[in-house]
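Undergrad: Before I ask anything, let me first share the structure, which is written out below as structure tokens.
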Amino acid sequence: MYDFKYQLANSQDDAVSAQSSAEDGSFLAGGMTLIPTLKQRLAQPSDLVDLSGISDLIGVSAEGDSVTIGSMTTHAEVASSEIVSSKIPALAALAGNIGDPQVRNRGTIGGSIANNDPAADYPAACVALNATIITNNRKIPADNFFTGLFETALEDGELITAVTFPIPDKAAYAKFPNPASRYAIVGVMVAHTGGETRAAVTGASDSGVFRSSEIENALGDNLDSSAAKAVSISADGLNNDIHASSEYRAHLVSIMASRAATAAG
Amino acid sequence: MTETNIGAPIKRVEDKRFLTGRGRYTDDLNQPNQLYACILRSPHAHANLKKVDVSQAKAAPGVIDIFTGSDMAADEVGSLPCGWQIHSKDGSPMHEPGHPPMAVTKVRHVGDQVAIVIAETKSQARDALDIIEVDYEVLPAAINMDEALSGKALVHDDVPNNMCFDWEIGDKEATENSFSDAHKVVSIELVNNRLIPNAMEPRAAVAQYDPSNGNYTLHTTTQNPHVIRLLMGAFVLQIPEHKLRIISHDVGGGFGSKIFHYAEEAILTWASAKVSQPIKWTAERSESFVTDAHGRDHETKAELALDKDGKFLGLRVSTKANIGAYLSTFGSSVPTYLYGTLLAGVYKTPAIYCEVKTVFTNTVPVDAYRGAGRPECTYLLERLVNKAAKETGIDPVEIRRINMIQPDQFPYQTPVALQYDVGDYPRAFETALKASDYEGFSSRRKSSEDNGKKRGIGISTYIEACGIAPSAVAGALGARAGLYESAQVRVHPTGSVTLYTGTHNHGQGHETTFAQIVSDTLGVSIDQVEVSHGDTGEVQFGMGTYGSRSLAVGGPAVLKACNKIIEKSKKIAAHILEASVDDIDFKDGVYSISGTDRELAFGEVSLAAYVPHNYPIEELEPGLDENAFYDPLNFSFPAGCHICEVEIDPETGEVEITDFTAVDDIGRVINPMIVEGQVQGGLAQGIGQALMEGCVYDNEGQLLTGSYMDYTMPRADNLPNLNVSTESVLGASNPLEVKGVGEVGSIGAPPAVINAILDALSSLGVEDISMPASPSKVWQAIHNAQ
Amino acid sequence: MPTVSMTVNGESVSSEVEPRTLLVQYLRENLGLTGTHVGCDTSQCGACVVHVNGKSAKSCTMLAVQAEGSEVSTIEGLADGDTLHPMQEAFRENHGLQCGFCTPGMVMSAIDLVQTNSDPSEHDVREWLEGNLCRCTGYHNIVKSILAGAKAMQG
Ligand SMILES: Cc1cc2nc3c(=O)[nH]c(=O)nc-3n(C[C@H](O)[C@H](O)[C@H](O)COP(=O)(O)OP(=O)(O)OC[C@H]3O[C@@H](n4cnc5c(N)ncnc54)[C@H](O)[C@@H]3O)c2cc1C
Ligand code: FES
Ligand code: FES
């Protein structure tokens, strides 16, 4: 690790100003991605601004037909949240299957989506559930948020404060893990919310999460799992690495979509 | 000997310190004034080192000094030696190119050592690495074996076609003849996948030089401290042994990868004298991936000749073995005498011929990893036997029964040098069939198929030769050292005992099993026995722990030393009791005169041995401390049968091991709890090889599986509970009648798993699959077959 | 250099550290608590697992400064004098360790499991151990130990 300056922010404003006054500041959430990156010397921020002391970034609330999760809420907290488990059980299940228990105890939803790893789980949930990412100065629909490989719509220094998820009628996530890292080789979240069916795919493409219209059309309003399974996804442009060929990934997209549809019931 | 402990599942003596965080692993140790080292490693697989400029880095904060290969060469530091000489078919000795601890003119694999930075803190050392300037002239690299054998890129300029040696074993002519007589010939081509051992403790070393007396002390993560002392002292650094102490207290797993004398040990020891301060180095896991010797990596073509009844007539094997960029300590023995000599397996194949071309490549050196040679052999044989079953239409169980060596055939001389001493292969085989409910398989298959899954069952038998080694035999086969083992039993005045063993405990439980032997032999309770190992300053000598040799070779040495104690102490007892030695009985730690009630306790005699008033000083020296060396008569031959059952999801290619049964003949069981643990651990590594683990290099020699993000390690949820039992025939090669258990799991498991997968998928037309059978590969195989 | 203060195994400690000091380095090097191990550099092996405010965490993936004001407990703090914690005892009874290197992380992780799920099934245990690698045991006896330890912890 290169050396850096560390500060603990105690409010959102404090965090934003600390970051902006630093030469090259980075927010530190759970550290489950950032610290391994620093350990490998793949990043050299001048300052880390720790968000863990900002209490209004933590917690889950339900209002009307949506659930809002503070950006510093850990995967474990989302997984065990009664609100999430009752309103969007698919999201609780997804969070409960990210990484391992120790990662879930510290990793946060804000960190996960800010990082936008192409094999991460939350981006699929955000897109399929048509979530809104709330930052310190705007609201960004999930469809516009994830812009590419480790790329998001966030401006430098923009702080995610929360994510709002409309409560779906039905939803489920199916993940086929990479045998080594256990990130998604392919993960598909399917959801039916207020007359719209969405299927968001993570892991399969190098440019990150995407919606599959073929799958969505096949699923229809009833989330028809056998129709999803019958979809033949093109392997063009999908990831091809030592763990899975693009053809295998393409195949898994339909299979995982179909399994998610079955689970969504 | 009274057997109260031997055979009992005694809880481990060593556990308490590990469970309370008080182990003493190398990285846990610190010395006063200690400095920290980081090592600059080549990012290229093959390059000329044009220039290494350390001037700027030397001026970095906290940096004490930086050394390169040229500095070591200037001090005439020697080459890291290889301990096993192999001769090619034509009688020429293997090529042994130099292996400098730090590269001098050329780097030969990603991870090769280029420079060492020594600084006040680890972070400072690491920071300085980034500012060393190296001018590499990148050369074409030889990565896969065919490419290497074409000789386009030479790893070592003086090794034509990168061929280290071209070895053979067996009777070529007899084997050719068996094929001309054959009713059927079955052939197979397969790869034994390259593995990265991944003991959980990364390697580490702390070297210390005392300028006041010229003594060196090296704490290092090794399985054999005396071997390191011998190799490093005599061949690399020219430090006489009385000036060099090697200590490895607790070691966090080895599996072979910590046998070898590694460059860092020599670099640190040498550098500690240069800076006259202790230096510590601990590998990052990413360094371990590119520097710990890898395992396996064979490509093989084999053919089996059968008669019309399915009897094996002959076996012909041609293997290419990757040895990596340099010859590691035992690298040359693994694809030869630990491989070709086992090709009879448990079968009566009368004619066998095997040739092995061993190839240098620009990859990490390849050496022994749990099983070493024997898993490669077993995988080949058991895949081939299954294929023969399929092609002849004989049931896989039946074809094994027909060909198995029978209990009345021992000693059994194989056509590939070894003579099996004792065994009962049908017994373990039939027991395993029962234990796995082989007969009930078809109904289990049916219920899987009802759920859209494919189910398969796979058998593997195996034999291994362990207990290295009968030294004369090992010498005849090319070992440059005999492999005796030593023990010293020191009885203290009050009757407690310290046992010094030359074997090394890094998880095998010697502190318990060896204490069990001492306790039963001398009749002292187990808590009165302390086992000391891992320190050349304490233990007289030893060849360490690998090749399942500790109990088979080290155990009898313990027994022998204990017997010497008994012999001497009986004389002391006789003197005190005023009786003739011949009349003294020793049992359960009590000396008595036969037929009388006159007796002495063990502690009374030991006290008399040290602080006597009344002692036969004219005939006998005081003290009760005996050494013994033991060399076995023969290898020992554990054998057994493993049966694996899998369920496959044909949609995703995921393989679930639903059941795994292992029945092993490991000779006498000293501690069944530890034996089960050893088998379970070996099975996990064998299953890992079959389903998950595989080292992948790209064409430029970059390791693509260089972390746990990409190298799949078996985890708890990948494995089922393991059904492990023993079906032992007592060993005949050593007085403890033990055979060895450390490697059986990793030897027997891989073909059982693959045979099960192929059984499951045969209805889909899949005929072959390579290891690791990852979900993507299984899916691809199904997809291709359709 | 910033000062960091925390409670480790019930004792207050305070030291100056570079911000880049990992919690595991702080425990091992500053406090001499070498029972917590480092087995990887990608946060995947779990040899370093400790408890931070009662929850298991990978101390190789936390800065010491992030533990400011926290209650940290390590393997060294579990036993009560000579009496092992029931989970430690279960590992000993069931041969849940061989080389012992993964063991501290396994035990700390297991205790957190039982705090979260007092009656885990074999399946629960195997899933929970996703972040803990062991190369020696094949996990069989670790799982057995944890199931026994869970029972014993219920007392
Ligand atoms: C062993 C292991 C296994 C894992 N497995 C999975 C898995 O299966 N699936 C999966 O999806 N993920 C997985 N992860 C990643 C994990 O989910 C991380 O927790 C997550 O990616 C990052 O969250 P964090 O809170 O730790 O963020 P950090 O690591 O602290 O930060 C990540 C990035 O986000 C930025 N950031 C953090 N918070 C904010 C904010 N509020 N606003 C703006 N920017 C912010 C940081 O500056 C940094 O650039 C795994 C991680 C590990 C170590
Ligand atoms: S050291 Fe491997 S996860 Fe922490
Ligand atoms: S006991 Fe050795 S790694 Fe688990």
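The values are calculated or read from the model by the stated rules, or taken from the named source; none is laboratory data. Note that the structure is a prediction, hence the values are computed from the model and not measured. Ideal geometry is used to build each Cβ from the backbone, glycine not excepted, and the neighbour counts take in all protein chains shown. Remember, those area values only see protein heavy atoms, side chains included, never the ligands or the DNA or RNA. Shrake-Rupley method; radii C 1.70, N 1.55, O 1.52, S 1.80 Å.
Undergrad: Test each condition in (1) aliphatic (A, V, I, L, M); (2) farther than 21 Å from B:GLY686 by Cα; (3) not in a loop (DSSP other than H, G, I, E, B) for B:LEU327 and report the one that comes out false.
TA: In the conditions (1) aliphatic (A, V, I, L, M); (2) farther than 21 Å from B:GLY686 by Cα; (3) not in a loop (DSSP other than H, G, I, E, B), B:LEU327 misses (3) alone.
Undergrad: Can you pull out every residue in the range B:196-208 that is more than 16 Å from ligand 3 (Cβ to nearest atom) and open to solvent by less than 10 Å² (accessible area, probe 1.4 Å)?
TA: Initial filter on the range B:196-208 (more than 16 Å from ligand 3 (Cβ to nearest atom)): B:205-208.
Of everything in the range B:196-208, those that are more than 16 Å from ligand 3 (Cβ to nearest atom) and open to solvent by less than 10 Å² (accessible area, probe 1.4 Å) turn out to be B:ALA205, B:VAL206, B:ALA207.
Undergrad: Separate question: Would you pick out the residues in the range B:338-373 that are more than 28 Å from B:GLN406 (Cβ to Cβ), crowded, with 24+ Cβ neighbours inside 10 Å and touching an Asp or Glu at 6+ places or on another chain (Cβ under 7 Å)?
TA: Answer for the range B:338-373, where residues must be more than 28 Å from B:GLN406 (Cβ to Cβ), crowded, with 24+ Cβ neighbours inside 10 Å and touching an Asp or Glu at 6+ places or on another chain (Cβ under 7 Å): B:VAL366, B:ARG370.
Undergrad: For residues that are away from ligand 1 (no atom under 16 Å from the Cβ) and in a strand (DSSP E or B), tally how many sit in the range C:1-58. Walk me through it before giving the result.
TA: First pass over the range C:1-58, keeping only residues away from ligand 1 (no atom under 16 Å from the Cβ): C:1-18, C:21, C:25-37, C:51, C:53-54.
Filter once more, keeping what is in a strand (DSSP E or B): C:3-8, C:11-16, C:51.
Selection size over the range C:1-58: 13.
Undergrad: Looking at the range A:159-180, can you tell me whether even one residue there is surrounded by fewer than 24 Cβ atoms within 10 Å (Cβ to Cβ), within 16 Å of ligand 2 (Cβ to nearest atom) and within 14 Å of chain C (Cβ to nearest Cβ)?
TA: The answer is yes; a qualifying residue exists.
Undergrad: Can we say C:LEU31 is more than 9 Å from chain B (Cβ to nearest Cβ), within 14 Å of ligand 2 (Cβ to nearest atom) and either crowded, with 24+ Cβ neighbours inside 10 Å or closer than 22 Å to B:ALA204 by Cβ (or both)? So that I can check it myself, show each step before the final result.
TA: On the way: more than 9 Å from chain B (Cβ to nearest Cβ): yes; within 14 Å of ligand 2 (Cβ to nearest atom): no; either crowded, with 24+ Cβ neighbours inside 10 Å or closer than 22 Å to B:ALA204 by Cβ (or both): yes.
Answer is no for this residue.
Undergrad: Looking at (1) at positive phi; (2) in a helix (DSSP H, G or I); (3) of a type in the set (Gly, Ala, Ser), can you tell me which one B:GLY595 breaks?
TA: Evaluating B:GLY595 over (1) at positive phi; (2) in a helix (DSSP H, G or I); (3) of a type in the set (Gly, Ala, Ser) leaves (2) as the failure.
Undergrad: Residues that are assigned to a loop (DSSP other than H, G, I, E, B), touching a helix residue (DSSP H, G or I) at 6+ places or on another chain (Cβ under 8 Å) and open to solvent by less than 50 Å² (accessible area, probe 1.4 Å): does the range A:33-42 have at least one?
TA: No, the range A:33-42 contains no residue that is assigned to a loop (DSSP other than H, G, I, E, B), touching a helix residue (DSSP H, G or I) at 6+ places or on another chain (Cβ under 8 Å) and open to solvent by less than 50 Å² (accessible area, probe 1.4 Å).
Undergrad: Given the residues A:LEU38, A:LEU48, which is the only one that is away from ligand 2 (no atom under 16 Å from the Cβ), free of Cβ contacts under 8 Å to residues at least 60 places away in the same chain and out of contact with any Asp or Glu (no Cβ under 7 Å at 6 or more places or on another chain)?
TA: Working: A:LEU38 fails: away from ligand 2 (no atom under 16 Å from the Cβ).
Sole residue among the options that is away from ligand 2 (no atom under 16 Å from the Cβ), free of Cβ contacts under 8 Å to residues at least 60 places away in the same chain and out of contact with any Asp or Glu (no Cβ under 7 Å at 6 or more places or on another chain): A:LEU48.
Undergrad: Of all residues being open to solvent by less than 10 Å² (accessible area, probe 1.4 Å) and in contact with an Asp or Glu (Cβ under 8 Å, 6 or more places away or on another chain) in the range C:102-131, which is farthest from ligand 1 (Cβ to nearest atom)? Just the residue, please.
TA: Restricting to residues being open to solvent by less than 10 Å² (accessible area, probe 1.4 Å) and in contact with an Asp or Glu (Cβ under 8 Å, 6 or more places away or on another chain), the top hit is C:LEU113.
Undergrad: When residues of the range A:1-11 are filtered for being in contact with a Ser or Thr (Cβ under 9 Å, 6 or more places away or on another chain), more than 8 Å from every other protein chain (Cβ to nearest Cβ) and open to solvent by 50 Å² or more (accessible area, probe 1.4 Å), how many remain?
TA: So the answer is 1.
Undergrad: From A:SER112, A:SER26, grab the single residue that is within 9 Å of ligand 1 (Cβ to nearest atom), within 14 Å of chain C (Cβ to nearest Cβ) and outside any loop (DSSP other than H, G, I, E, B). Talk me through it step by step, then tell me what you get.
TA: On the way: A:SER112 fails: within 14 Å of chain C (Cβ to nearest Cβ).
Of the residues listed, the single one that is within 9 Å of ligand 1 (Cβ to nearest atom), within 14 Å of chain C (Cβ to nearest Cβ) and outside any loop (DSSP other than H, G, I, E, B) is A:SER26.
Undergrad: So which residues in the range C:63-101 are in a loop (DSSP other than H, G, I, E, B), at the interface with chain B (Cβ under 8 Å from one of its Cβ atoms) and under 30 Å from C:VAL17 (Cα atoms), if there are any at all? Explain how you work it out, then say what you get.
TA: Our first condition is that a residue be in a loop (DSSP other than H, G, I, E, B); within the range C:63-101, this holds for C:68-70, C:74, C:78-79, C:81-82, C:84-85, C:94-101.
Adding the requirement that they be at the interface with chain B (Cβ under 8 Å from one of its Cβ atoms) leaves C:74, C:78-79, C:84, C:95, C:97-101.
Residues satisfying the conditions are C:THR74, C:LEU78, C:ALA79, C:GLY100, C:PHE101.
Undergrad: Whether any residue in the range C:52-69 is aliphatic (A, V, I, L, M), in contact (Cβ under 8 Å) with a residue 60 or more places away in the chain and within 16 Å of ligand 3 (Cβ to nearest atom) is what I want to check. Write out each step before concluding.
TA: First, pick out the residues of the range C:52-69 that are aliphatic (A, V, I, L, M): C:52, C:57, C:62-65, C:67.
From what's left, in contact (Cβ under 8 Å) with a residue 60 or more places away in the chain: C:64-65, C:67.
Next, only the ones that are within 16 Å of ligand 3 (Cβ to nearest atom) stay: none.
For the range C:52-69, residues aliphatic (A, V, I, L, M), in contact (Cβ under 8 Å) with a residue 60 or more places away in the chain and within 16 Å of ligand 3 (Cβ to nearest atom): absent.
Undergrad: Additional query: Across the range B:20-42, what is the total count of residues that are within 13 Å of chain C (Cβ to nearest Cβ) and either assigned to a loop (DSSP other than H, G, I, E, B) or of a type in the set (Asp, Glu) (or both)?
TA: 10
Undergrad: Answer yes if at least one residue in the range B:112-131 is among the β-branched types (Val, Ile, Thr), under 30 Å from B:GLU355 (Cβ atoms) and either open to solvent by less than 70 Å² (accessible area, probe 1.4 Å) or not in a strand (DSSP E or B) (or both), and no otherwise. Explain how you work it out, then say what you get.
TA: If we filter the range B:112-131 for residues that are among the β-branched types (Val, Ile, Thr), which is where we start, we get B:114, B:116-118, B:121, B:131.
Right, trim to under 30 Å from B:GLU355 (Cβ atoms) and you get none.
Within the range B:112-131 (the criterion being among the β-branched types (Val, Ile, Thr), under 30 Å from B:GLU355 (Cβ atoms) and either open to solvent by less than 70 Å² (accessible area, probe 1.4 Å) or not in a strand (DSSP E or B) (or both)), the answer is no, since none of the residues qualifies.
Undergrad: Would you mind telling me which numbered condition in (1) over 23 Å from C:ARG92 (Cα atoms); (2) not in a loop (DSSP other than H, G, I, E, B) B:ARG17 fails?
TA: Here B:ARG17 clears every test but (1).
Undergrad: With a cut-off of at least 1 residues that are outside the structural domain of B:LEU381 (by TED's automatic domain parsing), name the strands (runs of 3 or more DSSP E) lying wholly within the range B:451-567. Steps first, please.
TA: On the way: elements: B:454-463, B:485-491, B:497-501, B:529-532.
Answer list for the range B:451-567: B:485-491, B:497-501, B:529-532.
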